[in-house]
Each structure stands twice: as C-alpha cells, then as structure tokens.
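Here the structure comes first, spelled out in structure tokens, and everything after it is commentary.
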Amino acid sequence: MSGKIPVGILGATGTVGQRFIQLLEGHPWFEVTWLAASDRSAGKTYAEATKWRLNTPRPKNIAEMPVSPAIPEGAPKLVFAALDSTAANELEPLFAGAGCAVVSNSSSFRMVADVPLIIPEVNGDHLKLLQTQKWFKKGGFIVTNPNCSTIGLVMALAPLHLKFGVEKVFVTTMQAVSGAGYPGVASLDILGNVIPHISGEEEKMETESRKLLGVMNGNGVTPAEILIGAHCNRVAVEDGHMESVSIKLRRPALPEEIISAWNEFTGLPQKLRLPNAPEQPVVYEPAQDRPQPRLDIHRGAGMATVVGRLRPCTLFDWKFTVLSHNTIRGAAGAALLNGELLKVLGYIH
Ligand code: NAP
C-alpha cells in the first residue's frame, strides 16, 4: 500500500481523461486505482480502450488496468470526472449520491446554485456551498471547474477586479482544437480555416465568469456585476486558448499598476503549497508579439495564465491578450487543483 488517497477517473479514455492520467502520475497525495468510461470501453484494458495522444509515455501500470463500467460500485471515494455533459447529467449525481466526491470538468452542474464553480486562486471560499448539497452528510458532493476559455479570462480579470473593479468586458477567443475532445473537429473543417461558432461557449464565458468573481452571500453566490460580451472561434492550434480582451474598470489604473496586479497575484494554492499550484499564477509577458501558444503554453507546467500586449483601448479603458492551456489549466489541471484544495481543507478523508 502506498498510503496515498485512491482516486478514480470517470471518462478516463478521452482527451481530458488522458491529461488526468498524465498529471496524476507520481502525484504525492493521490493514486489512480480505478478507471471508467462508456460501454464502448468497459471490459477492455486501458491500453486497448484508448488511443493515447499525449507526448509522454502512457504509464505502464495504467496501461494494464481494466476499464470499469461507469457505475459507483467499486469506485473510490474521490472521483475526477471528464465525461461528456450528456453522460455527466446522469452519472455525476449518481456517484455523489453513492458518497463520492465528484470533481467535475463538465458544464452540466456549474451554474447550479449549490454547486461550487471553483478556481482555487480566485474563489476557494465558495467551497462552503458543498455543505448545502443534499449528498454532503453522506460524504458525497459535486464540485466543478469552469469552461476552458472562461478560466484564462477569469485568471486575468480577478487581480484587476480585486484592485480596480471590472465593469465591462469584451472578449474574442481563438480556441485550440483539443478543446473539442478527440477526434473533435474534422481536419477538413479546421485546416487553413477558422470556425466562428462553438456551441454554448459564449454563454458559458458570460455567465460562469460572473459566478466565479461573485461573492458568497449566506448559502449562495451573488454574481459579480460585470457586463461581458464574448465571441468564440475555433482555430487550427493544437493546445492553448488565446483571447483578445478589452475592459472598462470602475477605478482608474496606470499600466504599471495593472501589470503589478497580474504579476503579484497569488491565492490559496500558492499559500497552501498545493502540488499543482503554479508559483506565479498570472505572468505578464512584455514582448510585443507574445504570448503565443507554441512558445508560452507550458508556463508553470501549463498551469499559469500568460498575459501580454497591455495597451489603451479606444472603446473601453485597456486591452490585452490572454493565453491559457485548455486541457491542463482549463480542464484536468484545474480539477486536480480543486481536488488538492479539497484535501487540504478537510473535505476529503
Ligand atoms: P472526449 O475526448 O470526447 O472524452 C469523453 C469521455 O467520456 C470518454 O472517456 C468517453 O468514453 C466518456 N463517455 C462518453 N459517454 C459516456 C457514457 N455514456 N458513460 C460513460 N462514459 C462516457 O471529451 P473531453 O474533451 O475529454 O471532454 C470531457 C469533458 O470535459 C466534457 O464535458 C468537456 O466539455 C469538458 N472539458 C473539456 C476541455 C478540453 O479542453 N478538451 C476543457 C474543459 C472541459 P469512451 O472513450 O468509452 O467513449
């Protein structure tokens, strides 16, 4: 026995599921003991069920593990979930009802009033909502991380909202193909092309950001009063969502104050030294032509948000560019950081 906390992965065979396997290899606190996916994969070994697509070798012990059916019997108490939202709608409450802590990536329950939507650096205090969930007394609950394009935006907005107040946001995204899962968008649709529609994405950015930047109010969250308009595009980049952002602030700020707010921003994961916490969660990159997905996506092992090109905006106050790794900080890494925070705060035993 390793003495580590056993964890399971629901949807272990997909794009985000594979990232979970990669990020959990050698984790100091957690050990993967259970994998599950759809009926297409159940009963096979992980190697048989998965087309491994990451650039590190598939861990040997995982390759031989059986893929279980997606039912709570036999699952450990802590389950990281990377399910299609249709499957998550049904399965996540089933696992929570069976006493599992479900740390979810899917959009299914993010906006439900008693479900915490968490970025640990920004709103770890919203975890108090867990105590209001009907499964909580038996040890079960659902906690979520935001959509992959929302997380980069909110990481960049949070330090400015704290210091100056953010009033309005206009954001245009250029989102990587890995954000659509595997096999995702057909190559003939995306090569040499831009697709100006990602189903539900603009609404997610506009609503999730306000919940994340909102404040705890009794047993609920009062969303931040920020007007957000989002345009979302899929582009032919493998990993890394870029965003062009314009903002209007409530109080005036000098450019050097904005850059310091980003570079000096830290939160609970840094204070608690969580294993997957980036040392500097928001990094300002001063070069004129940065950030770029190819050059900057691995900052902080894919957990840092890189911001650049701060300049005055003729419509609002300021405009800038944001880059965030969509399957690490935007998905598996985000959930893992949530799991680490839950453990340190005593929600997982
Ligand atoms: P994906 O590559 O399509 O993987 C989906 C996973 O769900 C697979 O393991 C699949 O198993 C499993 N699954 C599908 N239907 C199931 C069912 N009825 N019962 C049990 N398992 C089922 O998708 P993904 O990109 O990893 O995304 C997973 C979730 O994370 C989605 O909700 C997505 O919106 C969210 N997310 C993705 C990203 C990203 O950048 N990709 C970022 C943030 C959030 P089989 O292999 O057996 O079919």
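Values quoted throughout were computed directly from the atomic coordinates according to the rules given, and no laboratory measurement underlies them. Please read all numbers here as calculations on a predicted model, not as lab measurements. Here the Cβ positions follow ideal geometry from the backbone for every residue, glycine too, while neighbour counts run over all protein chains shown.
Working from label points 7 Å from Cα in the Cα-to-Cβ sense, the T56 to K4 distance is 1.1 nm. Each label was represented as a point 7 Å from its Cα along the Cα-to-Cβ direction; for H231 and A42 these points are 4.5 nm apart. Which residues does a label at I195 reach in the stretch 316-334, if reach means a backbone N under 18 Å from a point 7 Å past the Cα toward the Cβ? Once the point is set 7 Å along Cα→Cβ of I195, 326-327 turn out to lie under 18 Å by backbone N, inside the stretch 316-334.
Cα centroid distance between the stretch 294-325 and the stretch 194-228, in Å? Taking the Cα centre of each part, the stretch 294-325 and the stretch 194-228 sit 19 Å apart. Using the Cα gyration tensor of the stretch 25-183, with a ≥ b ≥ c the square roots of its eigenvalues, what is the shape: rounded (a/c below 1.5), prolate (a/b larger than b/c) or oblate (neither)? Oblate, since a/c reaches 1.5 and b/c is not below a/b. Expressed as an acute angle from 0 to 90° and rounded to the nearest 10, what is the orientation of the C-alpha long axis of helix 148-163 relative to the principal long axis of the chain? With rounding to tens, the tilt is 50 degrees. Taking the longest Cα principal axis of the chain as reference, the axis of helix 333-344 is set at about 70 degrees. Assuming charge only on the beta carbon of Lys and Arg (+1) and of Asp and Glu (-1), the dipole of the stretch 19-126 about its Cα centre is about 440 debye to the nearest 20. Sequence-ordered 3J(HN,Hα) estimates for the stretch 60-75 from the Karplus curve with 6.51, -1.76 and 1.60 and θ = phi - 60° stand at 4, 5, 6, 3, 8, 6, x, 8, 8, x, 7, 10, x, 4, x, 7 Hz, glycine and proline given as x.
Assuming charge only on the beta carbon of Lys and Arg (+1) and of Asp and Glu (-1), the dipole of the stretch 139-269 about its Cα centre is about 360 debye to the nearest 20.
Phi-derived couplings, Karplus 6.51 cos²θ - 1.76 cosθ + 1.60 at θ = phi - 60°, listed residue by residue for the stretch 96-113: 4, x, 8, x, 8, 7, 9, 9, 9, 9, 7, 7, 3, 10, 4, 9, 6, 4 Hz, with x used for Gly and Pro. Along the Cα-to-Cβ line of T132, 7 Å from the Cα, sits a label point; which residues in the stretch 79-123 have backbone N less than 12 Å from it? Answer for this model: 112-117. Pairs of Cα atoms nearer than 8 Å and 6+ residues apart set the relative contact order; for the chain it is 17 percent. Checking the a/c ratio against 1.5 first, then a/b against b/c, what shape does the Cα gyration tensor give for the chain? Taking the square roots of the gyration eigenvalues as a ≥ b ≥ c, the chain is prolate.
Mind counting lysine pairs for me in the stretch 151-297? Cα separation below 22 Å, and the two need to be 8 or more apart along the chain or on different chains. Counting lysine pairs in the stretch 151-297 gives 8.
Applied to the stretch 203-220, the Karplus parametrisation 6.51 cos²θ - 1.76 cosθ + 1.60 on θ = phi - 60° returns per-residue 3J(HN,Hα) values of 5, 4, 4, 6, 8, 4, 4, 6, 5, 4, 8, x, 10, 5, 9, x, 9, x Hz, with x for Gly and Pro. Each residue in S199, S38 was given a count of other beta-carbon atoms within 10 angstrom of its own, and listing them fewest first yields S199, S38.
In the chain, the sites counted are GluC sites (Glu not before Pro) in DSSP loop states with at most 16 other Cβ atoms within 10 Å, and the longest stretch holding none of them, exclusive of the sites, is 74-224.
Could you tell me whether the stretch 194-349 comes out rounded, prolate or oblate from its Cα gyration tensor? Rule is a ≥ b ≥ c as square roots of the eigenvalues, rounded for a/c under 1.5, then prolate if a/b exceeds b/c, otherwise oblate. Rounded, since a/c falls under 1.5.
Note on the chain: dipole from Cβ charges, positive end direction compared against G333, L83, G139; the farthest Cα belongs to G139. For the pair H349 and S260, a Förster radius of 35 Å applied to the C-beta separation gives a FRET efficiency near 0.30, rounded to the nearest 0.05. For the chain, with a Gaussian network of springs between Cα atoms less than 10 Å apart, report the residue from A81, A261, A301 with the top mean-square fluctuation. Fluctuation is largest for A301.
Of the residues V322, A304, C232, the one whose Cα sits farthest towards the positive end of the charge dipole of the chain is A304 (charges of +1 on Lys and Arg Cβ, -1 on Asp and Glu Cβ, taken about the Cα centre).
For the chain, the antiparallel share of DSSP beta bridges with both residues in that region comes to about 45%. Rounded to the nearest 20 debye, the dipole magnitude of the chain is 420 debye, with +1 charges on Lys and Arg beta carbons, -1 on Asp and Glu beta carbons, and the Cα centre as origin.
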